[in-house]
Amino acid sequence: MTKPSATRRQFAQFASAAIATSQFPILGANDRVNVGIVGLGGRGNDHINYYGSLDQDCRIAAVCDVNQAARERATAKILKQKGYSPKEYEDMRKVFESKDIDAVSLPLPNHWHALATIWACQAGKDVYVEKPASHNIFEGHKMVEAARKYKRMVQVGSQSRTLPHKRQAIQLLSEGAVGNIYMVRGICFRRRFSIGHTPDEPVPAGIDWDKFLGPAQYKPYSKNKFAYNWHWFFDTGNGDIGNQGVHEMDIGVWGLGRGDWPTTVMSSGGKFRWVDDQETPNTLQTSYNFGDREMTFEVRNLPTPTEALAPLRPNYVGNIFMGDKGFMVLDQGGFQLYKSAAANVSGEAARGAGAGNKEKYEKSTVVTATGDDATPHMKNFLDAVRSRDYKSLHAEIEIGARSAAFCHLANISYRTGRMLKLDPKTGMIQGDNEARALMTRNYRKPYVVPDQV
C-alpha cells in the first residue's frame, strides 16, 4: 500500500494534536451545530435544502467545492434563503481545520467518501457522508476504524433507515412475520439512457481537476467524467448498484438479519445496447449464497416490467422478503405482508392447502409511507452530534460500510467474470488474488487512504 505523503502526515499530526488538547468544543443538547457542506453538485444542493430546513438544529457555516461556479451558486442560494453568507473553501482540508465547524456533510463523488471522512475524523469533525459509504471494501474498514479511534459520529446517507414504515417492516421480519427467511430479492429497475461520447478537452476555468480526481488515477478531463456521469466509471463510481441500488441492498441486508457473510457471490450481466463512454454495466444480476438462505439482487437500466405484486411503473426499486410462512413486499411507498393460510395448519390439511394453485395468501398488513426521509435522517445525525452516542445513529458507518461491501462484491465478481468464494466470518475473498486486489485500489499521491488511520 502506498505510504502517505509528508503533507498527509502533517495534516494527521495537526489533527491528533488538536484532539489531544481538546480544541473541539462539546456541544450541549440545545446548541446549534455549525455544518460545512463539501461537494456542491446536485446532491450538495439537496443538502443545502435539508440542513436549511433544520434551523433549530444547525447552521450552514461553510461550503466547499473544486468548482468555483458551484461555490458561488451555493453561497448565493444560502444568502437568499437564510440571509447570511457561509465561508467558501476550495480545499476540504481547510474546512476540516476550521475551529468554526462542528460537523461536515459530504455529498461527494464515491471515490472521495473514505479519504474525506478519515481526514474529517482526524480533525475532530463529525461526518455525514453520502452513500455508498465507500468506493471499495478496504476503505469501509478504514472509515470504521477512524470513527472509533477519534470517537466521531459518522452517519451514512442511507436515509431509508429512518423511514418509519421501513423500520416497522424490519421489526416485523425480525419477529418472524414471514417465518424463517429463505430468500431476499433486491430490485433496482431504474430507467436510464446512454451518456454518449464526449471528447477529452482542456479543463474549464474555475475547476480544480486534480482535486476532483483525488484518489483516482489521473485521466484527461471530459464532460462525461465530471458532474453526474462520474457514477459510470469504475475509477470514480460504482455503477447503479452503488448508486440507487445500495439503498435496496442496505434494506435487504438489514432484513436478512445476519452478521455473517455469504460463502459465494456470483454476478453476471453487461452493458447492452448502449455504445458510449460508460464502463459500468447497465444490467447486473447477483446471487449471494449463505448456505441456508440466499439473497439475489438485480439492476436494470433498460425498459423492464416490474416484479409480481410491485406497482407497475417504469422505475421500480424495492425488496421482497420470502419465508416459509409468507412474504413481504417493501419499497419507498410502504409495505405489504402476505401470510400463507397453510402456515397455520398442520398435517394433511397443510399439504392440501399448499398443493398446486390451491394455497391462499392473506394480505395481513398494508402500511403506506408518509413523510420525508432525508431531513429526519440528518436530524438523527445532528442529535447524535450533541448526544455523542454513535449507537443512536440509524445508518452508522459500520452499517453503511457493510451494505456497500455487498455492492462491491457484486462488481468484483462481474469484473473478474467468476464466482467469488468468501470466508463467512470475515468476508475476505479466498484463493483469488485478482479479485482480492479489487477490494482496494492503487491510490494517487498525496490522496492516499492509509493503512493506519
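The values are calculated or read from the model by the stated rules, or taken from the named source; none is laboratory data. No experiment lies behind these values; they were computed from the predicted model shown. Ideal geometry is used to build each Cβ from the backbone, glycine not excepted, and the neighbour counts take in all protein chains shown.
Here are a few things to note about the model shown:
- Matching residues in the stretch 209-235 - criterion: being among the polar types (S, T, N, Q) and either farther than 17 Å from D276 by Cα or not assigned by TED's automatic domain parsing to the domain that holds N180 (or both): Q217
- Reported count of residues in the stretch 59-76, each being in a helix (DSSP H, G or I), basic (K, R) and touching a strand residue (DSSP E or B) at 6+ places or on another chain (Cβ under 8 Å), is 1.
- Where helices (runs of 4 or more DSSP H) fall entirely within the stretch 106-219, those with at least 2 residues that are basic (K, R) and modelled with pLDDT of 95 or more are at 137-149, 164-174.
- Answer residue from the stretch 138-148, given it is buried (at least 23 other Cβ atoms within 10 Å of the Cβ) and of a type in the set (A, V, I, L, M, F, W, C) and is farthest from G214 (Cα to Cα) among those: A147
- Lone qualifier among L422, L409 - being in contact (Cβ under 8 Å) with a residue 40 or more places away in the chain, more than 26 Å from G157 (Cβ to Cβ) and not basic (K, R): L422
- Checked against the criteria, V345 does not count as at pLDDT 80 or above and surrounded by fewer than 17 Cβ atoms within 10 Å (Cβ to Cβ).
- Test: residue in the stretch 274-287 that is free of Cβ contacts under 8 Å to residues at least 60 places away in the same chain and over 29 Å from G333 (Cβ atoms): yes
- Hits in the stretch 395-446 (condition: among the aromatic types (F, W, Y) and either part of a helix (DSSP H, G or I) or in contact with a helix residue (DSSP H, G or I) (Cβ under 6 Å, 6 or more places away or on another chain) (or both)): F406, Y414
- Leading residue by the ranking (surrounded by the fewest Cβ atoms within 10 Å (Cβ to Cβ)) among those in the stretch 149-182 that are over 20 Å from L382 (Cα atoms) and hydroxyl-bearing (S, T, Y): S174
- Close contacts from the stretch 64-86, counting a first residue that is modelled with pLDDT of 95 or more and of a type in the set (G, A, S) and a second that is assigned to a loop (DSSP other than H, G, I, E, B) and surrounded by 12 or more Cβ atoms within 10 Å (Cβ to Cβ), with Cβ to Cβ under 8 Å and a gap of 6+ residues or different chains, come to A69/G206; A70/L40; A70/G41; A74/L40; A74/D65; A74/P86.
- One residue stands out in the stretch 216-235 among those that are surrounded by 16 or more Cβ atoms within 10 Å (Cβ to Cβ) and within 22 Å of R300 (Cβ to Cβ): the one that is nearest to the chain's Cα centre (by Cα), namely H231.
- Boolean, I60 is modelled with pLDDT of 95 or more and more than 25 Å from N229 (Cα to Cα): yes
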